[in-house]
Amino acid sequence: MARPRDPDVDQAIAAATSRLLSERGFAGMSMEAIAATAGVGKPAIYRRFRDKAELVTAVVAGQLPELDPPDLGDTRAELLAAVAQAFPADGPAYVGLIGGLIAEHQRHPELIEAFRRSILLPRRAIAQALIERGQGRGDVRTDLDAEAALDLLAGPFLARVFAGLDTGPQWREAAFETWWNIVEERHDP
C-alpha cells in the first residue's frame, strides 16, 4: 500500500513552480530547478506529475478559485456568482501568467494544450452552460449565441487588465450590469 502524499511537499513543489515560472518562464525552468527550489527530489515531482506541462497546468489551476456556481433558480444571480468566482482577484498577475503560457505556444504547444484542456475549456463550458440554462428559462436572449455572450463577458476584463485599468469589485459589478442589460431577455408587459 502506497504512503499518502505529504501536503507540505505538494505545497513546496507548487510554490517553487509558481516562483520559477514567474522568474524564468516555462522554457527557462527545469524539473531539476523546481526540485532544488522546493527542497525535494525529482522523483517526488514525477510521482505527482507526468511532465512539466502537467505540473505548470496544475499550479495555474490551483491559483484559480473553483468555478462551481449552484443552481439558484435565478439566472442573473447564478451568472453574477460565476463572475465573482471566475475572475481572479489579481487580474494583472493572472493575465501575466497566462500571457507567459501563450508566449510559449510555438516552442511548447503541449503547455498551452494542457492549459486549454484542463483549465480554460472546462471553465468556459461551465459558464456557457449557465448562459444556456438561462436561455432555456427565458431569462437570456435566445437570439444570442451562448459562446459569443460568454466572450462579451470575459473580454472586457482582459482588455482592462491589459490597459492597466481597475478590475476591482466595483468595476466587476458595473461590467456585469452592462452585460446583463445586453443579454437579458425582455418580456413585454
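The values are calculated or read from the model by the stated rules, or taken from the named source; none is laboratory data. All values reported here derive from a predicted model rather than from experimental measurement. Glycine gets a Cβ as well: all are built from the backbone with ideal geometry, and neighbour counts include every protein chain shown.
Which one is farthest from LEU150 (Cα to Cα) among residues in segment 84-132 that are acidic (Asp, Glu) and part of a helix (DSSP H, G or I)? Step by step, filter segment 84-132, then rank; the result is GLU110.
Any residue that is part of a loop (DSSP other than H, G, I, E, B) and modelled with pLDDT under 95 - is there at least one of those in segment 153-165? Yes: one or more hits.
Against the definition (free of Cβ contacts under 8 Å to residues at least 12 places away in the same chain, over 30 Å from GLN135 (Cβ atoms) and not hydroxyl-bearing (Ser, Thr, Tyr)), how does ALA44 come out, yes or no?
Details: free of Cβ contacts under 8 Å to residues at least 12 places away in the same chain: no; over 30 Å from GLN135 (Cβ atoms): yes; not hydroxyl-bearing (Ser, Thr, Tyr): yes.
No.
Here the helices (runs of 4 or more DSSP H) wholly within segment 1-75 that include at least 3 residues being within 22 Å of ALA89 (Cα to Cα) are 7-28, 52-62.
A Cβ distance below 6 Å, combined with a sequence gap of six or more or placement on separate chains, defines the contacts here; from segment 1-28, residues that are closer than 12 Å to LEU97 by Cα reach residues that are in a helix (DSSP H, G or I) and modelled with pLDDT under 85 in the pairs GLY25/GLY100; PHE26/LEU111.
Pick from GLY134, GLY164, GLY138: which is in contact with an Asp or Glu (Cβ under 7 Å, 6 or more places away or on another chain) and more than 19 Å from LEU64 (Cβ to Cβ)? Walk me through it before giving the result.
Numbers: GLY134 fails: in contact with an Asp or Glu (Cβ under 7 Å, 6 or more places away or on another chain); GLY164 fails: in contact with an Asp or Glu (Cβ under 7 Å, 6 or more places away or on another chain).
Selected residue: GLY138, the only one of GLY134, GLY164, GLY138 that is in contact with an Asp or Glu (Cβ under 7 Å, 6 or more places away or on another chain) and more than 19 Å from LEU64 (Cβ to Cβ).
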